[in-house]
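A.B. asks: Sharing a structure here in structure tokens format.
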Amino acid sequence: QHLSQLSSQARLHQPQPTEQARRRQSLENTVLTGIAQGRCALFFQPQLDIRDKRLIGAEGLLRWRHEDGSYSLPADFITDAEQNGVMVPLGNWVLEASCKVLASWRQRGITLPLAVNISAKQLQETNLLPHLKLLMERYQVRPSQLMLEITETARIDELDKSLSLLRQLRELGVLVALDDFGMGYASLSFLNRLRTLPVDLLKIDRSFIESLPEDPVMLRIVSAIARVLELPVIAEGIENQAQLDFLLSQDICWGQGYLFAEPLPQTEFEQRFLSNLPVNAAESKN
Ligand code: C2E
Ligand code: MG
Ligand code: MG
Ligand code: MG
């Protein structure tokens, strides 16, 4: 599936290989008009302390809403967007939407951290830091409430190029997580580089949780690496009690997954997870 299928208008054009430029142009139009028409939506998946099910944060996940009310998942359009120069405007929409959400939570006295996925394309784009600064100022976002998830499968040499940007982001006070940890360059030389990578958290890739409890070896390896590097971890994709029990037996204490909740539309997430949160009275006065 491709981005060209996101709008019925674009569907009329059958792209020819020779029409690469035109296709790119039409995708750009589709995405930019779509953003303006409110086709982008952020869904929210809770992140919990799996020992007591206490809410510790949320991950924002991008969806593309069709006219009929159905949604496309990122797997259907992110790669295409990255290859056709529209990931940056999409990512900017996500950043602004995230800052708006944090502002509205804060007005209600809720200071829950929000994790946002950042594409390697956004890291390569030099405008990210000033843009984020501007948004955080405009929406009065506390930097420590924003966690940027960069994916390990972004090529390591690209990640190397982004090192100083990541450092600057962290100087702002924004947190950085390495997403899909264990899937990319788990060579010893990568691990050596990981020691100097400015990240605050490792997100253990879902594939290592999927094989639990029958095959725990990879999970053990990955969590041992995290321990040596003295980095906290969060387990992604927890779907059942047996997986949860195994993670607890390994002293892993943060997680997210369908066992607790799927990514939810904002209002549903707020109703299910924020309505009985203790409100910080001092916060809500600001
Ligand atoms: P990710 O950041 O690793 O996000 C986790 C994915 O696993 C999400 O898929 C989530 O819905 C799914 N998931 C969560 N719990 C479970 C579970 O228990 N079982 C299973 N089977 N899956 C679970 P989603 O939302 O389709 O996103 C897929 C990927 O697309 C994300 O992987 C992320 O890399 C990318 N993505 C999502 N939103 C954005 C965005 O705003 N910007 C960028 N650049 N990438 C995004
Ligand atoms: Mg993520
Ligand atoms: Mg990812
Ligand atoms: Mg992941």
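Any read-out appearing in this document is the output of simple, stated calculations on the displayed coordinates, not a laboratory observation. Since this is a predicted model, take the numbers as computed values, not measurements. For neighbour counting, all protein chains shown are included, and Cβ atoms are generated from backbone atoms with ideal geometry for every residue, glycine included.
A.B. asks: Give me the net charge of L264's neighbourhood, meaning all other residues with Cβ under 12 Å from the Cβ of L264; Lys, Arg count +1, Asp, Glu -1.
C.D. replies: Local net charge: -2.
A.B. asks: Still on this structure, please answer the following. For the chain, what is the charge dipole size about the Cα centre, in debye to the nearest 20, if Lys and Arg each add +1 at the Cβ and Asp and Glu each add -1 at the Cβ?
C.D. replies: 860 debye
A.B. asks: For the charge dipole of the stretch 170-241, defined by +1 on Lys and Arg C-beta atoms and -1 on Asp and Glu C-beta atoms about the Cα centroid, which residue among L197, V222, S211 has the Cα displaced farthest towards the positive pole?
C.D. replies: L197
A.B. asks: Here is a follow-up. Between L148 and residues 5 or more places away or on another chain, which pairs have amide H atoms under 5 Å apart, with H built 1.01 Å from N, and which residues are they?
C.D. replies: V116, L175, V176, A177
A.B. asks: If you project the alpha carbons of the chain onto their three principal axes, what span does each projection cover, largest first, in Å?
C.D. replies: 55, 50, 37
A.B. asks: Filter K100/K161; K133/K161; K53/K121 down to the pairs with a C-alpha to C-alpha distance above 25 Å, please.
C.D. replies: Flagged as over cut-off: K100/K161; K53/K121.
A.B. asks: Could you give the length gained by full extension between V217 and E96, i.e. 0.36 nm per residue of separation minus their alpha carbon distance, to one decimal place?
C.D. replies: 39.6 nm
A.B. asks: Now for a separate question. Find how many whole Å separate the alpha carbon centroid of the stretch 24-41 from the alpha carbon centroid of the stretch 69-87.
C.D. replies: 10 Å
A.B. asks: For E19 and Q37, calculate 0.36 nm times their separation in residues minus their Cα-Cα distance, and state this gained length in nm to one decimal.
C.D. replies: Numbers: separation 18, 0.36 × 18 = 6.48 nm, distance 2.63 nm.
The E19-Q37 span can extend by a further 3.8 nm.
A.B. asks: Just check the stretch 189-280 against the gyration tensor rule for me: Cα atoms, a ≥ b ≥ c as the square roots of the eigenvalues, rounded for a/c under 1.5, and otherwise prolate or oblate depending on whether a/b exceeds b/c.
C.D. replies: Here the stretch 189-280 falls in the oblate category.
A.B. asks: Another question, if that's okay. Output the DSSP H helices from the chain with an along-axis C-alpha extent of no less than 27 Å and a mean Kyte-Doolittle hydropathy no less than 0.5.
C.D. replies: Values: long enough: 87-107 (30 Å, 0.37).
Within the chain not a single helix satisfies the rule.
A.B. asks: Taking a temperature of 20 °C and a viscosity of 1.002 mPa s, what whole-number D in µm²/s does Stokes-Einstein yield for the stretch 90-199 with Rh from Kirkwood over alpha carbon pairs?
C.D. replies: In µm²/s, the coefficient is 148.
A.B. asks: On full extension of the chain, what length is gained from S70 through R54, given 0.36 nm per residue of separation minus the C-alpha to C-alpha distance? Walk me through the numbers on the way to the answer.
C.D. replies: Working: separation 16, 0.36 × 16 = 5.76 nm, distance 3.11 nm.
Length gained, S70 through R54: 2.7 nm.
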